[in-house]
Each structure stands twice: as structure tokens, then as C-alpha cells.
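Please treat every number below as a calculation from the coordinates, not as lab data. Quick caveat, the model's predicted, so the values are computed rather than measured. Neighbour counts run over all protein chains shown; Cβ positions are idealised from the backbone, glycine included.
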Amino acid sequence: ENGQISWPLFQWAGTEEGAQDKYFARMGKDVISCYEAPSVGLVGKKSFKLEGLKEFLWSPKKPWMSMFLEESGNGNTPARVAILDVTTRKDVRSKNLFMVSDLRMFWHPQGEYFAAVVTRHTKSKKTLFTGFELFRTGERDVPVEVLTPENKTDKVLDFA
């Protein structure tokens, strides 16, 4: 962002058989370039163009990446969290989210679960509340569970 290079410049894919030391990627403005080792060629011969791309994170096991795309058009286009299989270039699962102030992504160490910790705001943007989108990536069709604290004013300080 702002012309600065984010570190690390490249991120390596997970460690499962078939993905180990095979894929790596870097993020630019609205683009993820995913490469295949050892040829260092772009997977599918082109980058992934993703308007509003804020962050991506590899699955620790599979050649999947999660990504967060910000809201755009004054909230007319919702924020989106998605899991993409880089080998097929297809969405494994995605979810549109509205009124998002911040989103943090976490993968379970074995890659069986993916969590998006979503901080949302009210329409006035004066009140913030946190919820969790839990993707069960080890199951068919990757079901998503939504968890929100009973008291929306409770602050979530950390997630592990």
C-alpha cells in the first residue's frame, strides 16, 4: 500500500504432499501473482486480478489461499472473504460481508479450519462489534458457521 513493499515479498504455500515447496505468491495492488517452482512460471500463465484485495494467506496444508477483498463503491459492493484453489483457479468457498471495518484471517495448523475475525460497524460507523466466520475446510462444500458474542458490545481482544 502507498507504494511500499510489504514483507515478506513472497509467501510459500502449505506443506501437504503435492504443495510442498511447489507454489509461492506475492501480492500487488488488486493482484496476486502465484508462481510454480522450480520453473517460476505463473500458475495458469496469468495473475489473479482481484479488485479491493487487502490481504491473502496460504493454507498450511493445501495449495489454497484465503483472501480478503474490501468493500467498494461506498458499500455498494460488499467485502468478500474467499478461499481459492490455485491449481484449478476456482473458488473453494466465499462469503460476502457488509459494513466491515477490519478482517483478520487465521488457518488451523492442519488446515482443517479457516477463521475470519470480522469487525463490523453500524451504519453510523460509531459502534464496532466483532463476529467470527468459521470455514470447515476439511468437509464437503466447506460449510461456514457464524459466531457472534451474545453481547455485541463485548470486545474481542485476540483470537488464537
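Six or more apart or on different chains, Cβ atoms under 6 Å: show the pairs whose first residue is in the range 115-128 and in contact (Cβ under 8 Å) with a residue 40 or more places away in the chain and whose second is among the β-branched types (V, I, T) and assigned to a strand (DSSP E or B).
That search, which allows pairs on different chains as well, returns A116/V81.
Can you list the strands (runs of 3 or more DSSP E) lying wholly within the range 68-160 that have 3 or more residues being of a type in the set (A, V, I, L, M, F, W, C) and in contact with a Phe, Trp or Tyr (Cβ under 8 Å, 6 or more places away or on another chain)?
79-85, 100-107, 114-121, 128-135, 144-147
Only one of these is farther than 26 Å from P109 by Cβ, over 13 Å from the mean Cα position of the chain (by Cα), polar (S, T, N, Q) and surrounded by fewer than 17 Cβ atoms within 10 Å (Cβ to Cβ): T88, T77. Name it.
Within the list T88, T77, the selection yields T77.
Which one is farthest from W12 (Cα to Cα), of the residues in the range 26-56 that are hydrophobic (A, V, I, L, M, F, W, C) and surrounded by fewer than 18 Cβ atoms within 10 Å (Cβ to Cβ)? Can you show your working first?
Step one: list which residues in the range 26-56 are hydrophobic (A, V, I, L, M, F, W, C), which gives 27, 31-32, 34, 37, 40, 42-43, 48, 50, 53, 56.
Keeping just the survivors that are surrounded by fewer than 18 Cβ atoms within 10 Å (Cβ to Cβ) gives 31, 37, 40, 42.
Numbers: V31: 16, A37: 10, V40: 12, L42: 14 Å.
Filtering first and then ranking leaves V31.
Could you please find all residues in the range 57-66 being crowded, with 21+ Cβ neighbours inside 10 Å and not in a loop (DSSP other than H, G, I, E, B)?
Residues of the range 57-66 that are crowded, with 21+ Cβ neighbours inside 10 Å, as a first pass: 58-59, 61-66.
Of everything in the range 57-66, those that are crowded, with 21+ Cβ neighbours inside 10 Å and not in a loop (DSSP other than H, G, I, E, B) turn out to be W58, W64, M65, S66.
Select from the range 91-114 the residues that are free of Cβ contacts under 8 Å to residues at least 40 places away in the same chain and buried (at least 16 other Cβ atoms within 10 Å of the Cβ) and write down the one among them that is nearest to F56 (Cα to Cα).
Looking at residues that are free of Cβ contacts under 8 Å to residues at least 40 places away in the same chain and buried (at least 16 other Cβ atoms within 10 Å of the Cβ), I get S94.
Could you grab me the full set of residues in the range 91-128 that are of a type in the set (A, V, I, L, M) and under 15 Å from the mean Cα position of the chain (by Cα)?
The answer is V92, L97, V100, L103, M105, A115, A116, V117, V118.
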